[in-house]
Amino acid sequence: MNVSKLMGRIIPSVVGAAALLVASTAMDNKQASAAETLDVGAIQPLAGDCAQWGIPIVRGMQYWADQLNADGGLLAGDGKRYKINLKTYDNVCYIPGEELKAGRKAILDDNIKFMLQTFTPGSRQAIAQMTTDNHVLTTSYGAGYLSKDHPYLNGGITGSPAAYMLIASRAIDANPDVKRVAIITSDQSFGLAAKAYFEAGVAAHPEVEIVYNESYAPDATKDMLGLLTPLMASKPDMVCQLGWVPAQYASAIETMEQMGFKGVHCAEGFTFPMILERVPAEQLAGRTYFGYAFEASEPTFSAKGHELYKWYVEEYGVEEWSPYTPIGYASMMTLEAGIRMSPSIDSKVVMETLYAADVVDHPLFGPSKWGGEEIYGANHHLLTPLPIYNLDADGNVVLDHVVDHAAWWEKHKDVALPRIDAGGQVFR
Amino acid sequence: MQVLANIIFLSSFYVSFAVGLALVFGVMRTINFAHGEFYMLGGYALWLLSGVLSNTIPDGATFIVAMLVGAGVVGILGMLVQLTLFERLKEQPFSIFMATLGLSYVLQVVVVKTIGPMGRSVPAIFPGFIMFEGAILPIQRIVVLGFTALMMAGLWYFLMRTDLGRAVRATAQNKTGAMLQGISMGKIALTTMFVGSALAAISGTLMGSVLMIGPFMGAEALWRAFIIIIVGGIGSLSGTVVAALLFGLIDTLMTTFGAGKFAAMVDAIIMLLVLSFMPNGLLGSRE
């Protein structure tokens, strides 16, 4: 980035902040008088290190709202169009107590009825009762925690943590030489969920053993060399990792490569612009398996989704691109599908309409079925297909494979479910 | 051998970050909560100059320029903080706490709004590694270690061998006595803030070349620095170095033996024990 470009951002940002304040006040007044506005809430980390996840997710949601609003609003099943008004709430870093505070603000103060939150089990549990009592249909980019007692919580897409299971399994399928797997995740609620699901994915391959399986405190990740030394000493063929913010993935992969690792990396997402500054693409080509919702920078899986990438890069620059942006966008489309099908905008009716549908025609993923009974005691998790990606030698993200989540589960649940249970992630 | 190398690398990071904070507190008895953001700005100086100077000068030269520019700019920022906050709020420690905390938030938001919330990494400036006794030693780490040693040597020379440095030490030891000797408190405060802030920026540049660079990197590092300077003895530079080595050792061993997730808790317990039994820290002097 050159200096003039940076100054060009600093000055407008100061002016923009003032303009935004004035505009938002004006907008609030305008929306207050508009009859057909639908408030949608987003609880995400908006400050601190975890904002590197939360802000891109919210930007993806904003794009979703902007696209609908540009068409005159979301055409609901009641025949009316609703302009989407996105409201954001900070959960600091997916901390359950902060999720509860943010949920109170959204639900009790702002009367939000449709919402997106993290899949993090602890955070979902924190507001589960409140969503039930107040009929707030709350989706997420994955399931994490669901319950028949809390039907207003759903999993909008395959997402986390189920994706970890599918990625690990796919990476092993594609690399028959992998016999030794290392798992490293953060010790937060979402990291522990990931750990259990990575284990479940490996369990589908009895010939493969887990040789390292540890959690780390995010505060202890200042020095990847120290953290990864014992992991590399276990001599894995594949490393499944979760919990680092994007730039830390770059540091982790660089460190592992420096330590002589030649095997497979698997994770929910990699921010390649950063990684490729540290490690050449030809060195990593074919060795990085990831998938969350879909990777919008890759154009073949979804042309519609790729438009999100083009908009984002134009708006924020390629260095700001995050594999987390599409997950908010894709998850909101499940709510969108429900609102389009429902005869009423009432959140209870939308919820019942969604669950009553044998198949939900997801705007990005196509027809998808509900699942999750064995894990959550209720079929409230929409099992969308999971595209899994890799990197080619030119540094481009390429589509590796699309996993049929429902089919995979039917085939492997007998071995996967006990591992998920052992990891404390079964909530029946 | 790898574990030993890891201990040295981690300790050098702790030293480089905490020493500026210890200096400022030792001389001025003031905690600068924006110290972490000064460190963050040093990281961004490297990122910015890596982009601006790429293909114009060698990468190694860019690294040095980033250290100098970052230290200069952030040092001046530190002097401005001294003139506009510390000087005006002296004798009001809570107000200084709130003001510097506020400044830290402002600096974070400015970076988020101008550059973005996503972290940044810079291309490896000194790529590759060497093997020594079975240990992998990344060249970038060795360079960072070398510059940290140089930084400490420079600080030692300044404090021990220059008149201004002696005046800074005299002020830290006995403010009233220093004033009676004709030392200008205003000049010492400005000098200390410049040096302390510049050290934070240099640390940010050094570590930014190894770790990630992000708007919130400083806030995360700050609490660890507090533990280090408290255990070392608030205001004691030698104590800071000893405590940094101690925590580098403990944190690395805990991580190596699979207990890394408890490192933060153990570090805090050690701090509480030291405060209980050695209220002035390991090498701090009684007030």
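The values are calculated or read from the model by the stated rules, or taken from the named source; none is laboratory data. Just so you know, these numbers come straight off a predicted model, no measurement behind them. Note that each Cβ is placed from the backbone with ideal geometry, even for glycine, and that neighbours are counted across all protein chains shown.
Among (1) part of a loop (DSSP other than H, G, I, E, B); (2) of a type outside the set (V, I, T); (3) modelled with pLDDT of 95 or more; (4) surrounded by 22 or more Cβ atoms within 10 Å (Cβ to Cβ), there is one condition A:P323 misses while meeting the rest; what is its number?
Only one criterion in (1) part of a loop (DSSP other than H, G, I, E, B); (2) of a type outside the set (V, I, T); (3) modelled with pLDDT of 95 or more; (4) surrounded by 22 or more Cβ atoms within 10 Å (Cβ to Cβ) is unmet by A:P323, namely (3).
Listed here are the residues, each with its yes/no results for (1) surrounded by fewer than 21 Cβ atoms within 10 Å (Cβ to Cβ); (2) modelled with pLDDT under 95; (3) within 13 Å of A:G423 (Cβ to Cβ).
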site: A:L153; (1), (2), (3): no, no, no
site: A:I157; (1), (2), (3): no, no, no
site: A:S160; (1), (2), (3): no, yes, no
site: A:L166; (1), (2), (3): no, no, no
site: A:K179; (1), (2), (3): yes, no, no
site: A:A196; (1), (2), (3): no, no, yes
site: A:H205; (1), (2), (3): yes, no, no
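Condition test on A:V211, is it outside the structural domain of A:L108 (by TED's automatic domain parsing), surrounded by 23 or more Cβ atoms within 10 Å (Cβ to Cβ) and farther than 24 Å from A:F365 by Cα? Please lay out each step first, then the result.
Working: outside the structural domain of A:L108 (by TED's automatic domain parsing): yes; surrounded by 23 or more Cβ atoms within 10 Å (Cβ to Cβ): no; farther than 24 Å from A:F365 by Cα: yes.
No.
When you scan region A:214-255, how many residues do you find that are within 10 Å of chain B (Cβ to nearest Cβ), among the polar types (S, T, N, Q) and within 24 Å of the chain's Cα centre (by Cα)?
Total satisfying the criteria: 4.
Which of the following residues is under 17 Å from A:G41 (Cβ atoms), in the same structural domain as A:E373 (by TED's automatic domain parsing) and not in a helix (DSSP H, G or I): A:T131, A:T138? Can you show your working first?
Numbers: A:T131 fails: not in a helix (DSSP H, G or I).
None of the others qualify; the one that does is A:T138.
Exactly one of (1) within 20 Å of B:V122 (Cα to Cα); (2) touching a Pro at 6+ places or on another chain (Cβ under 9 Å) is unmet by A:T325. Its number?
It is condition (1) that A:T325 fails.
I'd like the residue in region A:42-60 that is out of contact with any Asp or Glu (no Cβ under 9 Å at 6 or more places or on another chain) and not in a helix (DSSP H, G or I) and, out of all such residues, is farthest from A:G269 (Cα to Cα).
A:A42
Scan region A:214-224 residue by residue and report those that are surrounded by fewer than 22 Cβ atoms within 10 Å (Cβ to Cβ) and either assigned to a strand (DSSP E or B) or polar (S, T, N, Q) (or both).
Of everything in region A:214-224, those that are surrounded by fewer than 22 Cβ atoms within 10 Å (Cβ to Cβ) and either assigned to a strand (DSSP E or B) or polar (S, T, N, Q) (or both) turn out to be A:E214, A:S215.
List the number of the failed condition for A:T384; all other conditions in (1) surrounded by fewer than 19 Cβ atoms within 10 Å (Cβ to Cβ); (2) in contact with a His (Cβ under 8 Å, 6 or more places away or on another chain) hold.
(1)
For the condition hydrophobic (A, V, I, L, M, F, W, C) and farther than 26 Å from A:L225 by Cα, what is the one hit in B:L253, B:L272? Show your work before the answer.
On the way: B:L253 fails: farther than 26 Å from A:L225 by Cα.
The unique qualifying residue is B:L272.
Checking the conditions here, which among B:G232, B:G214, B:G196 is within 14 Å of chain A (Cβ to nearest Cβ) and surrounded by 24 or more Cβ atoms within 10 Å (Cβ to Cβ)? Walk me through it before giving the result.
Values: B:G232 fails: within 14 Å of chain A (Cβ to nearest Cβ); B:G196 fails: within 14 Å of chain A (Cβ to nearest Cβ).
Being within 14 Å of chain A (Cβ to nearest Cβ) and surrounded by 24 or more Cβ atoms within 10 Å (Cβ to Cβ) holds for just one of B:G232, B:G214, B:G196, which is B:G214.
From (1) of a type in the set (D, E, K, R); (2) out of contact with any Ser or Thr (no Cβ under 8 Å at 6 or more places or on another chain); (3) within 28 Å of B:M217 (Cβ to Cβ), pick out the condition that doesn't hold for A:D187.
It fails just one condition, (2).
Filter region B:64-113 down to residues that are surrounded by fewer than 20 Cβ atoms within 10 Å (Cβ to Cβ) and of a type in the set (F, W, Y) and give me whichever is nearest to B:F147 (Cα to Cα).
Across region B:64-113, the extreme among qualifying residues is B:Y105.
For B:F17, state whether it is in contact (Cβ under 8 Å) with a residue 24 or more places away in the chain, touching a strand residue (DSSP E or B) at 6+ places or on another chain (Cβ under 9 Å), under 20 Å from B:G248 (Cα atoms) and part of a helix (DSSP H, G or I).
Working: in contact (Cβ under 8 Å) with a residue 24 or more places away in the chain: yes; touching a strand residue (DSSP E or B) at 6+ places or on another chain (Cβ under 9 Å): no; under 20 Å from B:G248 (Cα atoms): yes; part of a helix (DSSP H, G or I): yes.
Against the criterion (in contact (Cβ under 8 Å) with a residue 24 or more places away in the chain, touching a strand residue (DSSP E or B) at 6+ places or on another chain (Cβ under 9 Å), under 20 Å from B:G248 (Cα atoms) and part of a helix (DSSP H, G or I)), B:F17 does not qualify.
Here are A:K87, A:K113: which of them is of a type in the set (K, R), crowded, with 18+ Cβ neighbours inside 10 Å and touching a residue at least 40 places away in the same chain (Cβ under 8 Å)? Spell out the reasoning first.
Numbers: A:K87 fails: crowded, with 18+ Cβ neighbours inside 10 Å.
After applying the criteria, what remains is A:K113.
Here's the yes/no breakdown for (1) surrounded by 17 or more Cβ atoms within 10 Å (Cβ to Cβ); (2) over 19 Å from B:Q82 (Cα atoms); (3) among the hydroxyl-bearing types (S, T, Y):
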| residue | (1), (2), (3) |
| --- | --- |
| B:A124 | yes, yes, no |
| B:F129 | yes, yes, no |
| B:Q140 | yes, yes, no |
| B:T148 | yes, yes, yes |
| B:T162 | no, yes, yes |
| B:T171 | yes, no, yes |
| B:M179 | no, no, no |
| B:K187 | no, no, no |
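So is A:L335 in a loop (DSSP other than H, G, I, E, B) and not assigned by TED's automatic domain parsing to the domain that holds A:V264 or not?
On the way: in a loop (DSSP other than H, G, I, E, B): no; not assigned by TED's automatic domain parsing to the domain that holds A:V264: yes.
It is false that A:L335 is in a loop (DSSP other than H, G, I, E, B) and not assigned by TED's automatic domain parsing to the domain that holds A:V264.
Output the number of residues of region B:29-49 satisfying the condition of being surrounded by fewer than 24 Cβ atoms within 10 Å (Cβ to Cβ) and farther than 13 Å from B:G204 by Cβ.
Within region B:29-49, residues that are surrounded by fewer than 24 Cβ atoms within 10 Å (Cβ to Cβ) and farther than 13 Å from B:G204 by Cβ number 4.
In this structure, does B:S11 turn out to be over 27 Å from B:L253 (Cα atoms), in contact (Cβ under 8 Å) with a residue 60 or more places away in the chain and either within 11 Å of chain A (Cβ to nearest Cβ) or of a type in the set (F, W, Y) (or both)?
For B:S11, the condition - over 27 Å from B:L253 (Cα atoms), in contact (Cβ under 8 Å) with a residue 60 or more places away in the chain and either within 11 Å of chain A (Cβ to nearest Cβ) or of a type in the set (F, W, Y) (or both) - is not met.
Conditions tested, residue by residue: (1) among the charged types (D, E, K, R); (2) within 28 Å of B:G119 (Cβ to Cβ).
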position: B:K187; (1), (2): yes, no
position: B:I202; (1), (2): no, yes
position: B:I230; (1), (2): no, no
position: B:G248; (1), (2): no, yes
position: B:T256; (1), (2): no, yes
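Restricting the search to region A:256-273, which residues are aromatic (F, W, Y) and more than 26 Å from the chain's Cα centre (by Cα)? Talk me through it step by step, then tell me what you get.
Start the filter on region A:256-273 by keeping residues that are aromatic (F, W, Y), which leaves A:261, A:270, A:272.
Of everything in region A:256-273, just one residue is aromatic (F, W, Y) and more than 26 Å from the chain's Cα centre (by Cα), namely A:F261.
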